[in-house]
Amino acid sequence: MPSRIEALLGSCVVIPCTFDYYYYPPRRPDRVVWYQFAKHSYPKVYDSWYSSEVISIFRGKTSLVSSQYGKTCSLEIYPVTWRHHRQTIYPWVDPENVGRYTHRFWDKTVTIHVEDRANTPEIMISGNMKVGESVTVQCSVDHTCPSYPPTLSLSISSLSYRPQSRIVTRGTRTTLVSTVVIERDHQSVECTVKHLGGITARATKTFNAECSFFPLTISSPSSEFLEGIESKVTCTASYTCSRHNPVITWSYSGMPVSTETRRVGGRTMWNTISTLSLKTSSNDHGRSLWCTAKFYQGQTQQKSITLYVKRSMFSLGWTFSTPKSITGLKGSCLIIPCKFTYTNAIPPNLKLIWYLYQDSGYPTVFDQRGGTVVSQFSGKTSSVGSTADGNCSLQINSLELSQNLARLYPWIDKNAITSYHSRGHSFYEKTTQLLVSEHAKNPQISINGIPRVGEQSSVSCNVEHTCFSAPPTLSIAGIPGTGTIKDSLVSDGIWKRTLEQTWNVEEEDRSVTCTVSYPSGQKATGQQPLNVECPYEDITISEKLISATEGVAKSVICSVSYKCKKNIPHIDWNYEDMQSTIKIVKLSKHSYSMESNLTFIGGLDDDGKSLMCTAQFSSGKTSDSALLNITKYVKPPDAHYKIHGFDTAHRLAADVPFRLSALTRSCVVIPCTFWDSEQIPMTRGIWAKRDGGIVFHNGRTQVMHHFRDRTKIVGDLSERNCSLEIDDIKPFDNGPFCFHSERGNEKYTFNNSCVFIVMKASPEKPEITGVPAEVDAGSALTVSCSVTHTCPSHSPEFSWSVPHISSAVSDSLMSGGIWQRTSIINFIVAPGDGVKNLTCTASFWGEKKGVTTATLTVTGTLKYKMRTYAPVVVPVTLLLLILVAVLGVFIYRKRKEAENQPRPPPRPEKRRNLPEDSEKPPRPEKRGSIWSRLSRRNLPGDREKPPRPEKRGSIWSRLSRRAAGDRGGWQNSRQTTDISVSYLNNSSTVVMQSSKPLYSYPNN
């Protein structure tokens, strides 16, 4: 129970209280008495047996709150008064049998703090914040009186009202959820909370909603206007804020206009309607009529329509109306709708005639007077209706392609058309054009709603036609059943036939096909995929409150029902490394149920958390969760063994930890030692479950089948070591397991020889140490990674994410069978500035792994590269510089030698038109290659050759400029020098020595 609780004056307060016991259970756990905390007495606050002993301030005001879970001691106080302020009380379970020396109940008390002001309610608004839209308003308040929750109310009218309460961590929270429609752009809502006792509190919040504008609409009684006849045209502006009332103007001025504004559609929609009394003339045909609305703050909207004006034949005294065009199917029939009116009464015995429009002449299409009809319409036309009713409709049967684009018009007059002058009348504008199609239109298929497997759904197929007397036939394929036919008039001369069919949706249904067949033989087909859905229900978990002991496996089942065999979900749990099994059950033809059975192993750190299972379908997912209540394992009192033959065994002392953790699928070694004064060693060690059943025995057949071949004593009984190894740990191998032994026919049991195995589904995470926050690239770093375990016979193996120079692994016993293995590595930090990851992975026996990643910041990569490559780069660079300098000097000296050599005489010019007896000048020397010309070799024989330069030697002999003897004018005085180059070890310094100047330049 809490140590402090707030109570509202005049209301009630419920102090939540639960209890549990591990030893000395009460005889009457339902007997709960509450006391006032006092140093030397036990004043009663509540006692159902001796109510007269309750102190005055609580008498008649306290009662226990019942619960379906049991082990509850919650107390209700009503009404709360100022005398209850700072009263400290505590409960006592079964005080007649549980004494104060057994349980000190007064160590856990609760203090009541009385307040005379209620908490202010919280208001939350969610939804589309626009005027006219509905939003959800939530008003919540925290209190401590769940028996009589407060009343919440809103000051705004709502469409729905749904109060709800739910328990939170601190006290109780009551929430009122209401859906309201925003009526104004600035509107406030007030939430009032009234507690038991009359104390109230209020909170107010304002909607800041947006105003909406809708497009203008123009409407008229007809899409066509009659010449000279006044017609009402309305322009409607719709908006949601009344202050945005617009001013509406028309593009046609000088005509009567009326305007009205009214609220429509409840309280949030406003319409401003401008009505124009429009009288058109023949010149208005084809023009646009514009409507302009200017709203508050300058918003402007425009809308226009095109005027189609019917010209009145005033001289005739009658007028008619027909569609501009009508489409029919080849071989089918067609009806041209036609209506006419006379200025005065319709003459009796009026005969109907239809003409084919031509530039000259009046070819007859139909004549009630019996006149001659043109061949293409002969025998195919008839009248529909009576002229006495103003009906001049024409039916054409067996349409032909030759009739396509023909224009027809009626004549309803006693006098022949030729008796009237046609000037001023254009029958072309009043004609109806025939459009004859050779191919039928595809039917339109629509699916009503979303087809869901196992439910009923319906499909409708419709097609428009022009022959009511011989309509087409519709058929639906792809789904079973028969449908119903419905015919309706869409517009003048256009009918719609609809076939609607209902069926039970199957998983195998893929698509539906509709075929329309006309009497003339044409067919058309339409296809629509069904896209059937496979619905599923919400997943449910078997328990909403899962109570378990730490390390003890518990079976938790999550189940979900769904449709369709192919719609198999994937169930996931929010806990890893735990064993789970899947079971699928077929419920009916299309219904299935999937169960996921999780073997849950919880730890103390899981207490208060949620265990969640999620079913993932292809179309969505569903989840459910349960609250975890994990309690610590408490060592039970010693009890007698239930193993046959050890009831009268000798009793010795042993040292075994009373609890030890183990990783499932791995192994555990239970440390065990015992004391024995005898010199003769024990002949047999036996481990067994405390409630019976042998776990280890050197006789294999004596061991329970569940533990057979998985247990062995790893200790030496002669050295009084009875340690036991259990391999391949199962989730339910908790024990407790106890050790006893035999020496010949003597049997021995031991004190403190029982151990309880606390299971762990996931291994411990390794801990990395020695990682600095920042490190230089190229530096050596030593780090360690440690992990604890209880399986020393198969210790974890380490792996690192970096290559290392050296590594070492050490094991150490911590305490009570818990071992620590440590991996220490030394590695060189790789270059690359920035944050780097260092990962240590511990692989446990049983193939489970624990992974930990540490981060370190690497700096100084450039400095590291310079340190690494400088001993190589600097000497090579200096050597290249020296070679370049030597080559430059060599090229310079060669050019100087070429300039000092004598040049050959200029080449004689080529002479033209020489006399025959004149002597020809000698030809210039033949040009050799570029190398021969540069070396001055192969000169003509009649020319004096300059002395050859000295023989070219190696590059070093030419650089040394050694003397080669006198060579006349071509010989230069040369001097030599000795150059020695040496490198110092591990240094970038070059030492160059010479015995004399490098070069001796000529005086000139």
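Confirm whether S41 is open to solvent by 60 Å² or more (accessible area, probe 1.4 Å) and among the small types (G, A, S). Judged against the criteria, S41 is not a match.
Residue check: G699 meets all listed conditions (1) small (G, A, S); (2) within 60 Å of the chain's Cα centre (by Cα); (3) surrounded by 14 or more Cβ atoms within 10 Å (Cβ to Cβ) but one, namely (3).
In the range 506-516, is there at least one residue being touching a Pro at 6+ places or on another chain (Cβ under 6 Å), surrounded by fewer than 15 Cβ atoms within 10 Å (Cβ to Cβ) and outside the structural domain of L587 (by the TED database)? Scanning the range 506-516, I find at least one residue that is touching a Pro at 6+ places or on another chain (Cβ under 6 Å), surrounded by fewer than 15 Cβ atoms within 10 Å (Cβ to Cβ) and outside the structural domain of L587 (by the TED database), so the answer is yes. Only one residue in S238, S219 is surrounded by fewer than 14 Cβ atoms within 10 Å (Cβ to Cβ) and at pLDDT 85 or above, so which one is that? Only one candidate qualifies: S219. Of all the criteria given as (1) open to solvent by 20 Å² or more (accessible area, probe 1.4 Å); (2) at pLDDT below 90, the one not satisfied by S48 is (2).
Listed by first and then second residue, the pairs linking a residue in the range 277-300 that is on the phi > 0 side of the Ramachandran plot to a residue that is assigned to a loop (DSSP other than H, G, I, E, B) and open to solvent by 10 Å² or more (accessible area, probe 1.4 Å), with Cβ atoms under 8 Å apart and 6 or more places separating them unless they lie on different chains, are G286/Y308.
In the range 575-592, the qualifying residues are those that are closer than 30 Å to K760 by Cβ and hydroxyl-bearing (S, T, Y), and the one that is surrounded by the fewest Cβ atoms within 10 Å (Cβ to Cβ) is T581. The set of residues in the range 721-773 that are open to solvent by 50 Å² or more (accessible area, probe 1.4 Å), within 30 Å of S677 (Cβ to Cβ) and charged (D, E, K, R) comprises E746, K747. If you go through the range 151-182 and pick out every residue that is modelled with pLDDT of 80 or more, surrounded by fewer than 19 Cβ atoms within 10 Å (Cβ to Cβ) and part of a loop (DSSP other than H, G, I, E, B), you end up with 1. Is it the case that the range 19-26 has a residue that's at pLDDT 90 or above, at negative phi and open to solvent by less than 30 Å² (accessible area, probe 1.4 Å)? Among the residues of the range 19-26, not one is at pLDDT 90 or above, at negative phi and open to solvent by less than 30 Å² (accessible area, probe 1.4 Å), which makes the answer no.
Scanning the range 498-510 for residues that are touching a Leu at 6+ places or on another chain (Cβ under 6 Å) and modelled with pLDDT of 90 or more yields a count of 1. Scanning the range 556-576 for residues that are out of contact with any His (no Cβ under 8 Å at 6 or more places or on another chain) and in a strand (DSSP E or B) gives V556, I557, C558, S559, V560, S561, Y562, H570, I571, D572, W573. Listed here are the strands (runs of 3 or more DSSP E) enclosed by the range 49-124 that have at least 2 residues being more than 21 Å from D30 (Cα to Cα): 110-115. Apart from one condition, L627 fits all of (1) open to solvent by less than 40 Å² (accessible area, probe 1.4 Å); (2) in a strand (DSSP E or B); the exception is (1). Cβ-Cβ distances below 7 Å connect the following pairs, each with a first residue in the range 465-479 that is closer than 14 Å to S517 by Cα and at pLDDT 90 or above, a second residue that is assigned to a loop (DSSP other than H, G, I, E, B) and not polar (S, T, N, Q), and a separation of six or more residues or different chains: P472/Y518; L474/P443.
Pull up the range 529-549, narrow it to residues that are open to solvent by less than 30 Å² (accessible area, probe 1.4 Å) and at pLDDT 90 or above, then point me to the one that is farthest from I450 (Cα to Cα). Per the stated criteria, the residue is I541.
Within this structure, K194 passes the test of being in contact with a Leu (Cβ under 9 Å, 6 or more places away or on another chain), among the charged types (D, E, K, R) and open to solvent by 10 Å² or more (accessible area, probe 1.4 Å). Of all the residues in the range 797-825, those that are under 24 Å from N837 (Cβ atoms) and among the acidic types (D, E) number 1.
Of note, A524 satisfies the criterion of being open to solvent by less than 80 Å² (accessible area, probe 1.4 Å), touching a residue at least 60 places away in the same chain (Cβ under 8 Å), outside the structural domain of L587 (by the TED database) and of a type outside the set (S, T, N, Q). In the range 706-720, of all residues being assigned to a loop (DSSP other than H, G, I, E, B) and of a type outside the set (D, E), the one that is least open to solvent (accessible area, probe 1.4 Å) corresponds to F707. Name the residues in the range 400-427 that are aliphatic (A, V, I, L, M), at pLDDT 90 or above and assigned to a loop (DSSP other than H, G, I, E, B), would you? If the condition is that a residue be aliphatic (A, V, I, L, M), at pLDDT 90 or above and assigned to a loop (DSSP other than H, G, I, E, B), then L405, A406 are the ones that fit.
Evaluating N271 against the criteria (1) open to solvent by 60 Å² or more (accessible area, probe 1.4 Å); (2) modelled with pLDDT of 85 or more; (3) farther than 15 Å from Y308 by Cβ; (4) not hydroxyl-bearing (S, T, Y) leaves one unmet condition, (1). Assess whether I680 counts as being part of a loop (DSSP other than H, G, I, E, B), of a type in the set (A, V, I, L, M) and assigned by the TED database to the domain that holds D727. When the stated conditions are applied, I680 passes them.
Taken over the range 774-786, the criterion of being buried (at least 18 other Cβ atoms within 10 Å of the Cβ) and of a type in the set (A, V, I, L, M) is satisfied by A777, L781, V783.
The values are calculated or read from the model by the stated rules, or taken from the named source; none is laboratory data. Everything numeric here is computed off the predicted structure, so don't read it as measured data. Heads up, the Cβs are rebuilt from the backbone with ideal geometry, glycines too, and the neighbour counts pull from every protein chain shown. Note: areas computed on protein heavy atoms with side chains; ligands, DNA, RNA excluded. Shrake-Rupley method; radii C 1.70, N 1.55, O 1.52, S 1.80 Å.
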